[in-house]
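For reference, the structure discussed in these notes is given below.
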Amino acid sequence: MPPDDPLHAPPPPQAPDQARPEAPALFTVRGLTKGFAGRNVLDGLDFDILRGETFVILGRSGSGKSVTLRQLNGLDKPDAGSVVFDGTDITGLEERDLYPLRRRVAMLFQGGALFDSMTVFDNVAFPLREHTHLSEAEIAAKVKEKLGLVRLPEAGPKMPSDLSGGMRKRAALARSLALDPEVLLYDEPTTGLDPITSAAIGKLIRQIHRHLDVTQVVITHDLDLAQHVGDRLAYLSEGHFRFLGDWAAAKRSSDPELGDMLSGREWEEEDDHASSAQP
Amino acid sequence: MRARDFITRTGDIALLSGRAFAAMAARPLETRLWFAQMEQLGVRSLGVAGIATTFTGMVLALQTAYSLPSLGVKYYIGSVVAKSLVRELGPVLTALIVGGRIGSGMTAEIGTMTVTEQIDAMRSMAVDPVKKLVAPKLAAVLVMLPSLTVIGCGLGILGGLLVAVFQLHVQASVYLNNIVQNLTLADVVSGVGKSFVFAYIIAIIGCYNGLHTEGGADGVGRATTDTVVTLAITIMISDYFLTKLFILVVS
């Protein structure tokens, strides 16, 4: 894990300065609390996600990152606290009332979650057929464009089971992009992939950010990815953010756990420990 | 805790039923999906359901003739076979066999989608899984199970006829006349009515268990087994109460 990665060092001068005063918060999360089986996985999280940034939530396995992400599009409901998206409090909304939000906020799932009964083409076309009145020709053009964007131009006729893990995630990303969302939520985008494929996914996430003007939220325990794509990061541990800020501040932080993680010292050892402790 | 689980589950199933019936009626009607499900769930169950009811009709004819030989019961075989099949055995056997086949299939399909986050993916794309998955299956079973029951009863009566004619040497006209004279509309309504209720039970329990599957491939296996067992028990128990209800209504 190179601490002097060129990709995270240069952005701070522009990104935070530009983002903070001009970009209003797209998500405002206050007091977010969620428990399972009597234990609070999230214990009163407060954070904002600014329009146009890539916000990374870093944390160990089982630290509640996925739970946090699933609150942002209402897939799960919090026990307490609020999530405000673009001026609307979504916490009390019924499933049906969340649909307008979900057309604007797309999510990439950990395993891709492609519909395995459909071809890749039909998967990418699915949201278009559901939510637009485009003709089949227009849908085909749009699917081709999205598959080209994730560099899978030939994958349309294939079934998801014929794809490798990395290709499946890229195909799923194409599906997430189909409705031209304003926000993309990434659930562990590199988990289960080899380092080279992981790097390619990281690059893709950066390119999407650069070209498509989207706000992105990435949850991961992959430090390389976090450094590669993140404008700001939050470090989630035991239900709290131990750190929230940009990379320069993260490097100056005196928090020992964050320091260990950023230097990669204890990180791998503890991660192994954490994952072996999983049921 | 168990009692509470049972009540929660019953409540959840009632909610899912309401949402599924509402989704069935809501526009746009997903008729293409409905027909696909009818083919997959109904047409492909015809063979197994047909064989079961045909042989049941044959067995009924034999048993009737041989267990009560002295009463000249041979000449009543037609109505015994037809009434037993139409009122009771046709709907129940078809529901048990078809339910085991398609109910478990629904749980396996939806359960796999649940554990691989495909259901969540659908929700995240602002698409209602109840409308896309549950409603077409419910609609398909509500159409196909009564149809299969009627076909099954017909085949069973035909099976009984074959045994009556070729083994018991009863004239075909006697067998059929006996049926026409004794089988009432009430018998048919009671049988077909039951199969609508069984269809609802099969689709809702199959889908509900799928949507509530947890824990990977192992979880899908457990949910599927649970569906088969729950369906068999629920069909048998509800059959008693449906029969009772029907007798009350008619008398």
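Read the figures in this text as sums done on the coordinates, not as results from a lab. These numbers come from a predicted model, not from an experiment. Cβ sites come from the backbone with ideal geometry, for glycine too, and all protein chains shown count toward neighbours.
For a quick check: sort B:Glu30, A:Glu95 by the number of other beta carbons within 10 angstrom, fewest at the front.
A:Glu95, B:Glu30
Tell me, how many Å apart are the Cα centres for the stretch B:161-232 and for the stretch A:117-180?
Measuring centre to centre over Cα atoms gives 41 Å.
Please sort through the DSSP H helices of chain B and keep those with an alpha-carbon extent of at least 15 Å along the long axis and a Kyte-Doolittle average not below 1.0.
Span-like helices, by this rule, are B:46-67, B:135-166, B:185-211, B:216-250.
If one puts a single equal scatterer on every Cα of the stretch B:48-132 and applies the Debye formula without solvent, what log₁₀ I(q)/I(0) results at q = 0.13, 0.26 Å⁻¹?
Reported log10 I(q)/I(0), two decimals: -0.60, -1.14.
Partner chain Cβ atoms within 10 Å, averaged over the residues of A:112-123 - can you pull that number for me?
Shielding by partners across A:112-123 averages 3.
What FRET efficiency do you get for A:Leu134 and B:Val188 if R0 is 56 Å and r is their Cβ-Cβ distance, rounded to the nearest 0.05?
0.70
Give me the angle, in degrees from 0 to 90, between the Cα long axis of helix A:195-212 and the longest principal axis of the Cα atoms of chain A, rounded to the nearest 10.
80 degrees
Please give the length that would be gained between A:Ala141 and A:Ala80 if that part of the chain were fully extended, namely 0.36 nm times their separation in residues minus their C-alpha to C-alpha distance (nm, one decimal).
Numbers: separation 61, 0.36 × 61 = 21.96 nm, distance 4.38 nm.
Additional length available on full extension: 17.6 nm.
Hey, got the average number of other protein chain Cβ atoms within 10 angstrom for residues in B:109-121?
Taking all residues of B:109-121 together, the mean is 5.
Let me know the mean shielding of A:126-136 by other chains, meaning the per-residue number of their Cβ atoms within 10 Å of its Cβ.
Other-chain Cβ atoms within 10 Å of each residue's Cβ, averaged: 2.
Out of all DSSP beta bridges in the protein assembly as shown, what portion is antiparallel? Express it as a percent rounded to 5.
Once the DSSP bridges in the protein assembly as shown are tallied, antiparallel ones form about 55 percent.
At 0.36 nm per residue, and after removing the present C-alpha to C-alpha distance, how many nm does the segment from A:Leu212 to A:Arg151 gain when stretched out fully?
Full extension of this stretch gives 20.4 nm more.
Determine the principal axes of the Cα atoms in the stretch B:2-250, then give the extent along each, sorted from largest to smallest and rounded to whole angstroms.
Extents along the principal axes, in whole Å: 68, 40, 36.
With bins 5 Å wide starting at 0, give me the P(r) of the stretch B:95-195 over every alpha carbon pair, in whole percents.
2, 10, 14, 15, 12, 11, 9, 7, 6, 5, 4, 3, 1, 0
222 nm [θ] for chain A, helices only, -39500 (n - 2.57) per DSSP H run of 4+, per residue, to 500?
Values: 11 runs with 111 residues, N = 279.
Calculated at 222 nm, the ellipticity per residue is -11500 deg cm²/dmol.
Pop the C-beta distance of B:Ile151 and A:Asp97 into the FRET formula with R0 = 25 Å and round what comes out to the nearest 0.05.
The formula returns an efficiency of 0.05 here.
Based on C-alpha coordinates, I'd like the Rg and Dmax of the stretch A:121-269, in Å.
17.8, 57
With a point put 7 Å past each Cα toward its Cβ, work out how far B:His169 is from B:Val43 in nm, to one decimal.
4.5 nm
Starting from the Kirkwood Rh over alpha-carbon pairs, what translational D in µm² s⁻¹ does the protein assembly as shown have by Stokes-Einstein at 20 °C and 1.002 mPa s?
Values: Rh = 26.5 Å.
It comes out at roughly 81 µm²/s.
Mind checking which of A:Val83, B:Phe198, A:Ala199 is farthest towards the positive end of the protein assembly as shown's charge dipole, using Cβ charges of +1 (Lys, Arg) and -1 (Asp, Glu) about the Cα centre?
The residue sitting farthest along the positive end of the dipole is B:Phe198.
Along each principal axis of its Cα atoms, how long is the stretch A:191-234 end to end? Whole angstroms, biggest number first, please.
On the principal axes, the stretch A:191-234 reaches 28, 22, 13 Å in Cα extent.
Pull out the extension gain between B:Arg101 and B:Glu88, defined as 0.36 nm times the separation in residues minus the alpha carbon to alpha carbon distance; nm, one decimal. Numbers along the way, then the final one.
On the way: separation 13, 0.36 × 13 = 4.68 nm, distance 1.99 nm.
Between B:Arg101 and B:Glu88, full extension yields an extra 2.7 nm.
Work out the FRET efficiency for B:Gln181 and B:Ala232 from their Cβ-Cβ distance, taking R0 = 41 Å, and round it to the nearest 0.05.
According to the calculation, E is roughly 0.70.
Over chain A, what per residue volume does the convex hull of the Cα atoms give, in whole Å³? It would help to have the intermediate numbers written out before the result.
Values: hull volume 39.8 nm³, N = 279.
Convex hull volume per residue, Cα atoms: 143 Å³.
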